[in-house]
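Reading through the structure tokens given below for one structure.
FYI, it's all coordinate maths here, none of it is from the lab. Just so it is clear, the structure is predicted and the values come from calculations on it, not from any experiment. Note that each Cβ is placed from the backbone with ideal geometry, even for glycine, and that neighbours are counted across all protein chains shown.
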Amino acid sequence: MHAQYYTRPRRKWPWVLALVVIFLLLLGGSWYFLFQVNTFSLSMALNGKEDITLEYGESYQEPGAQPLLRGTRVWRQGVVPPGIQMEVQGTVDESTLGKYELTYTARYFGLQAQAKRQVCVMDSQCPTIVLTKMTGSRRKGESFQEPGFIATDNYDGNITGKVRRLEAVGKITYSVIDSSGNPCVVTRLVPNFDPIPPKITLVGGETYALPLGTPYQEPGYTCTDDGDGDLTDQVTVSGEVDCWTPGTYEITYSVADSYDNETTISRFVQVTTADRPEIQWPQENTIYLTFDDGPGPDTLRLLDILDRYGVKATFFVTDGDPEILRQIVQQGHSIGIHTTTHNYSQIYASSDAFFADLHRIEKAVFDATGIHTTLMRFPGGSSNTVSRTACEGIMSYLTEAVQDAGYQYFDWNVDSMDAGSAQTADEVYLNVIDGIAAEGTSIVLQHDIHAFSVDAVADILDWGLGNGYHFAALEPNSPNFHHDVRN
């Protein structure tokens, strides 16, 4: 009988266990690789442009954004993980101009990504101006009645009140700018239309200073017109200036163009008085030799005598040889104006007659010497009475008027009497030194048209220098020894 053996069935669990172990090892390795060796990051990518410009009136279409999960070992290109949370903050108001910011945020297992988009709602459309049509036809010179206009804008609405009108010859220009800076300009042609008056330009300005006693000479003006061109010769000038009375005078300039547009402007002429110099008294024992009515035949001889002594004098001249007038100045003497004609009845007939005579000799001196002198002496002196027969009270007026006009007039306190009782050099000499001895400062009156008076000069100089006197020429601020006015 054969023996029978019992064989136990083979157990399978070790293999299952081995597979489980292997699976766990693989799972753990994958976890270690994915989450320990690999590093994840979350990013946000905007769809479309980062900055979007939206024209007012258009609808905003949201492009959206795309979150991506990236790893350093796997998913390097990025994947969209399931169950990711994403939100958008901010809104776009399509009805209001401005800039709007949208913020896109994504979160995933503690990771966060964010991106921003700016949307600008703008208005680039220009407004429109619609002109009401003109009716009928216009004739030249008629006033223009605006037919009307309306300005509208796609965003601002009615902006008629913002329209600016600019009138020019034959046309009117209308312009407006909306709140976004978009402009609109239209032009209406208007035949026979000239709303712009002529323009007058005053040479020298609208105010004009005039020293008292200086005759007013119109400085000039120009006039132009957009339609008619140069209208200078059509300007009407009115108004007068009294150059002998201080004050402000109005000169009016008027013109009209061919469309009856008128322009009137004014120039204000201010007749002003001159400041009077403050008298500066010289050192004691100063003698001012003065000679009237030259130049004459003996003036050059007188200049030689003065030059020989090194003495300066003052010459109140009449119209004469320009070369002698020049030599007076070149030798350092003072030159003053006296009279052109020495005709009392003519000179003192009126203030206008006096100043006309004065200005003629003043011009003669300037033409010869180039000097505008302000030194002067009245014919006959300020105390003369012969002027009374020509014009009552004229000296009372003239003595103030010449100073207001900027002149300094000089009388004298020592008279040589060479125009009166003295007829010889000795008489002149005695009259002069007697007069000087009685004064601390002397202005001596002589006339270089008398040879005998010139003959006395050397002796006068010898006496003066020998007795400690100083000779000088008159200046605007020198003592003037004004006489008492008797007319």
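Computed quantities for the displayed model
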quantity: Prolate/oblate/rounded call for segment 133-260, Cα gyration tensor, a/c under 1.5 rounded; calculated: prolate
quantity: Chymotrypsin sites (Phe, Trp or Tyr not before Pro) within segment 108-181: DSSP coil, no more than 11 neighbouring Cβ in 10 Å; calculated: PHE109
quantity: Lysine-lysine proximity count for segment 107-193, Cα under 27 Å, sequence distance 8 or more or distinct chains; calculated: 4
quantity: Extension gain (nm, one decimal) between VAL186 and GLN145, 0.36 nm per residue minus Cα-Cα; calculated: 13.0 nm
quantity: Dipole of the chain, positive end: most advanced residue of ILE200, ILE52, THR318 [Cβ charges, Cα centre]; calculated: ILE52
quantity: Inter-site label distance for ALA45 and ALA168 at 7 Å from Cα along Cβ, in nm; calculated: 5.8
quantity: Expected 222 nm ellipticity per residue - DSSP helices of 4 or more, -39500 (n - 2.57), all of the chain, to 500; calculated: -6500 deg cm²/dmol
quantity: Three-way shape label, segment 267-323, alpha-carbon gyration tensor, a/c 1.5; calculated: oblate
quantity: Net charge dipole size for segment 119-226 [Lys, Arg +1 and Asp, Glu -1 on Cβ; Debye, nearest 20]; calculated: 380
quantity: Mean separation of Cα contacts under 8 Å (6+ apart) over length of the chain, as relative contact order %; calculated: 10
quantity: For segment 179-188, 3J(HN,Hα) per residue [Karplus equation, 6.51 cos²θ - 1.76 cosθ + 1.60, θ = phi - 60°, Hz, x = Gly/Pro]; calculated: 5, 9, x, 7, x, 8, 9, 9, 10, 10
quantity: In sequence order, calculated HN-Hα J values of segment 167-173 (Karplus, 6.51, -1.76, 1.60; Hz; x Gly/Pro); calculated: 8, 9, 5, x, 7, 10, 10
quantity: Spacing of the two label points (7 Å from each Cα toward its C-beta) at SER179 and VAL203, in nm; calculated: 5.6
quantity: Three-way shape call for segment 50-198 based on the alpha-carbon gyration tensor, with the a/c threshold at 1.5; calculated: prolate
